[in-house]
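The values are calculated or read from the model by the stated rules, or taken from the named source; none is laboratory data. Keep in mind that this is a model prediction, so the values were computed, not measured. Cβ atoms come from the backbone with ideal geometry, glycine included; neighbour counts cover every protein chain shown.
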Amino acid sequence: MYQADNARYDSMLYRRCGRSGLKLPAVSLGLWHNFGDTASFATMKEICFTAFDLGITHFDLANNYGPEPGSAEIHFGRILRENFLPYRDEMIIATKAGYTMWPGPYGDWGSRKYLLASLDQSLTRMGLEYVDIFYHHRPDPDTPLEETMGALAQAVCSGKALYAGLSNYDGPRLEQAAAILEDLKVPFVINQNRYNIFDRNIERNGLKETAGRLGRGVICFSPLAQGLLTDRYLNGIPADSRIRTDSRFLTDAALTEERMGQIRALNEIALRRGQTLAEMALAWLLRDEVITSVLIGVSRPAQVLDNAKALRNTSFTPEELAEIDRISLA
């Protein structure tokens with residue numbers, strides 16, 4: 001059986017989720033892309049082992065992660081059962097519900113019926129009695145917010161989740177949801193949203209400012225813009241790249257001449273800092289005290305090691321930040 005590295009907590013940085021008591025590692029592992037039925041189970045195990053040995057205690061899933069939907073939870077549950085059970089109390093395991101999971105009117109969005117049924121299914125797939133964080137995955141324009149937040153409250157009160165989270169909410173809707181959850185005495189601690197050097201939407205829609213003001217954490221997915229904020233495409237498109245193997249998330253159309261010019265210019269800044277572009281992109285997020293953690297998605301254990309190097313330097317000069325903004329916001 002797997003034995004965790006005794007030095008796993010020596011170099012990882014842990015940050016509180018806003019003003020809560022919960023800490024997350026600055027780098028968390030997302031199981032979105034590479035834990036489905038099309039991936040190698042042996043590689044999944046090695047990715048999880050490498051992450052935990054680095055002090056990455058947070059594993060982020062959702063009911064629909066795959067392909068097929070549900071398969072990421074099944075595979076992670078097997079890894080947990082066969083290797084990680086002695087370490088369960090050292091781990092933060094999160095899942096979500098909000099996207100289409102099964103046919104009919106009760107398998108999507110934000111109704112009480114869907115959310116609580118989905119959580120039960122997720123726990124069964126992973127072989128768990130509870131998850132540490134249960135998220136509503138996206139706002140539902142047709143279900144009253146009180147109903148959706150009430151379902152999160154029920155998940156926590158039943159002991160099937162320890163904390164509640166929200167994903168893909170904007171600032172105004174976050175403020176409304178937080179007020180409801182506060183009235184219900186629910187420990188709502190974290191917002192999960194897309195955020196990276198190229199995608200500043202949470203700065204424009206009020207989410208980042210509101211989360212900071214309310215004392216709620218923010219965890220960023222797609223911190224490397226689906227691989228654009230790496231050196232992966234500086235010299236063309238590799239045959240084994242995501243663009244070639246899985247076009248669900250990134251296509252050739254993303255690599256315009258304008259975008260490639262931005263990537264090359266950002267890479268020059270990273271080189272001056274003694275970092276790879278990926279390390280600098282993660283460090284740029286982690287320099288901000290509102291950001292609790294960044295979610296990395298990897299296909300190889302070595303990428304976990306590479307991404308964790310971002311923690312070595314998260315300080316930026318005002319001139320560097322201004323140059324990054326000038327390039328990326330042009």
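Scan the range 12-27 for residues that are on the phi < 0 side of the Ramachandran plot and either surrounded by 23 or more Cβ atoms within 10 Å (Cβ to Cβ) or part of a loop (DSSP other than H, G, I, E, B) (or both) and jot them down. Walk me through it before giving the result.
If we filter the range 12-27 for residues that are on the phi < 0 side of the Ramachandran plot, which is where we start, we get 12-17, 19-27.
Hits for the range 12-27 are MET12, LEU13, CYS17, ARG19, SER20, GLY21, LEU22, LEU24, PRO25, ALA26, VAL27.
Would you mention how many residues in the range 176-213 are of a type in the set (S, T, N, Q) and more than 22 Å from VAL294 (Cβ to Cβ)? If you could, list the steps in order and put the result at the bottom.
Filtering the range 176-213 for residues of a type in the set (S, T, N, Q) gives 176, 191-193, 196, 201, 205, 210.
Filter once more, keeping what is more than 22 Å from VAL294 (Cβ to Cβ): 176.
Residues flagged as of a type in the set (S, T, N, Q) and more than 22 Å from VAL294 (Cβ to Cβ) within the range 176-213 amount to 1.
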message: Being closer than 30 Å to GLY274 by Cα and either at pLDDT 95 or above or out of contact with any helix residue (DSSP H, G or I) (no Cβ under 7 Å at 6 or more places or on another chain) (or both) is the requirement here; does ASP231 meet it?
response: no
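Residue-wise test of (1) free of Cβ contacts under 8 Å to residues at least 12 places away in the same chain; (2) within 25 Å of ALA178 (Cβ to Cβ); (3) of a type in the set (Lys, Arg).
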{"site": "ARG8", "(1), (2), (3)": "no, no, yes"}
{"site": "ARG15", "(1), (2), (3)": "no, yes, yes"}
{"site": "ALA42", "(1), (2), (3)": "yes, no, no"}
{"site": "HIS58", "(1), (2), (3)": "no, yes, no"}
{"site": "SER71", "(1), (2), (3)": "no, no, no"}
- request: Just need a number here: residues in the range 50-87 that are buried (at least 17 other Cβ atoms within 10 Å of the Cβ) and either in a strand (DSSP E or B) or among the acidic types (Asp, Glu) (or both).
  value: 5
query: Scanning for something among the polar types (S, T, N, Q), surrounded by fewer than 17 Cβ atoms within 10 Å (Cβ to Cβ) and closer than 24 Å to GLY212 by Cα, does the range 287-304 turn up at least one residue?
result: no
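Filter the helices (runs of 4 or more DSSP H) completely within the range 132-217 down to those with at least 1 residues that are among the aliphatic types (A, V, I, L, M) and surrounded by fewer than 21 Cβ atoms within 10 Å (Cβ to Cβ).
Working: elements: 145-157, 171-183, 201-204, 207-214.
Hits in the range 132-217: 145-157, 171-183, 207-214.
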query: Looking at (1) in contact with a Lys or Arg (Cβ under 6 Å, 6 or more places away or on another chain); (2) within 20 Å of VAL189 (Cβ to Cβ), which is the only condition PHE59 fails?
result: (1)
query: Just to be sure, is THR38 assigned to a loop (DSSP other than H, G, I, E, B), of a type in the set (Val, Ile, Thr) and surrounded by fewer than 21 Cβ atoms within 10 Å (Cβ to Cβ)?
result: yes
- prompt: Which residue pairs have Cβ atoms closer than 7 Å, lie 6 or more positions apart in sequence or on different chains, and pair a first residue in the range 214-232 that is touching a residue at least 40 places away in the same chain (Cβ under 8 Å) and polar (S, T, N, Q) with a second residue that is buried (at least 20 other Cβ atoms within 10 Å of the Cβ) and in a helix (DSSP H, G or I)?
  reply: THR230/LEU277; THR230/ALA278
ASN6 being among the polar types (S, T, N, Q) and either in a helix (DSSP H, G or I) or under 15 Å from the mean Cα position of the chain (by Cα) (or both): no
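Is it the case that TYR87 is under 22 Å from the mean Cα position of the chain (by Cα) and under 24 Å from ASP5 (Cβ atoms)?
Details: under 22 Å from the mean Cα position of the chain (by Cα): yes; under 24 Å from ASP5 (Cβ atoms): yes.
The answer is yes for TYR87.
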- prompt: From the residues in the range 88-131 that are of a type in the set (Phe, Trp, Tyr) and in a loop (DSSP other than H, G, I, E, B), which one is farthest from ASP60 (Cα to Cα)?
  reply: TYR106
